[in-house]
Amino acid sequence: MTTRAEILAEMDAIEAVARRLAQVADRRDAARKQDLVAARRELAMRMMKVMTVGEDYPPIRRNEPLYAELRQRLSVLRTAIADHQAQWSAVAIDSDDAAYIASSAAVQAEGRAFMGWVRQVVEALPE
């Protein structure tokens, strides 16, 4: 079973990785692609933990409407990430940097919205 403190700590870690990913997206140096792949991998691993919050955190799992909303919001975010990464593999990001940056910014906005919602819900629910 996951605790509120564990969820919030993981959210903090995800937000730190997301900030690092945004910084990498803005860079133009030779290590950019390698750092992008590493940050994407870390973000995916950490997101897996948050994705299980509905399963592992009883205050959400026992609340069917809230659990359904979590799954719907998560689906929107996962689709945005998958579409972005499919279009902008590390190899392709030099082909049109302005379009890549715009796509990256849109995904970051979706991620912030999702994380903000989860944080708000977790902080508001009694344990």
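The values are calculated or read from the model by the stated rules, or taken from the named source; none is laboratory data. Here the structure is a predicted model, which means the values were calculated and not measured. Reconstructed Cβ throughout: ideal geometry from the backbone, glycine too, with neighbour counts over all protein chains shown. Note: accessible area is taken over every heavy atom of the protein model, side chains too, but ligands, DNA and RNA are not part of it. Shrake-Rupley method; radii C 1.70, N 1.55, O 1.52, S 1.80 Å.
Brief remarks on what is shown
- Flag for Ser75 being under 23 Å from Leu21 (Cα atoms), of a type in the set (Ser, Thr, Tyr) and surrounded by 12 or more Cβ atoms within 10 Å (Cβ to Cβ): no
- When Tyr67 is tested against the conditions (1) at pLDDT 90 or above; (2) open to solvent by 80 Å² or more (accessible area, probe 1.4 Å); (3) farther than 20 Å from Gln108 by Cβ, the lone failure is (2).
- Residues in the stretch 84-127 that are surrounded by 12 or more Cβ atoms within 10 Å (Cβ to Cβ), modelled with pLDDT under 90, in a helix (DSSP H, G or I) and more than 13 Å from the chain's Cα centre (by Cα): Asp97, Ala99, Tyr100, Ile101, Ser103.
- Qualifying residues in the stretch 22-42 (those that are open to solvent by less than 30 Å² (accessible area, probe 1.4 Å) and within 12 Å of Gln108 (Cα to Cα)) - the one modelled with the lowest pLDDT: Ala25
- Filter result for Asp12 (more than 17 Å from Glu123 (Cβ to Cβ) and among the acidic types (Asp, Glu)): no
- Of all residues making up the stretch 15-40, the number that are touching a residue at least 60 places away in the same chain (Cβ under 8 Å) and under 17 Å from Ala82 (Cα atoms): 4
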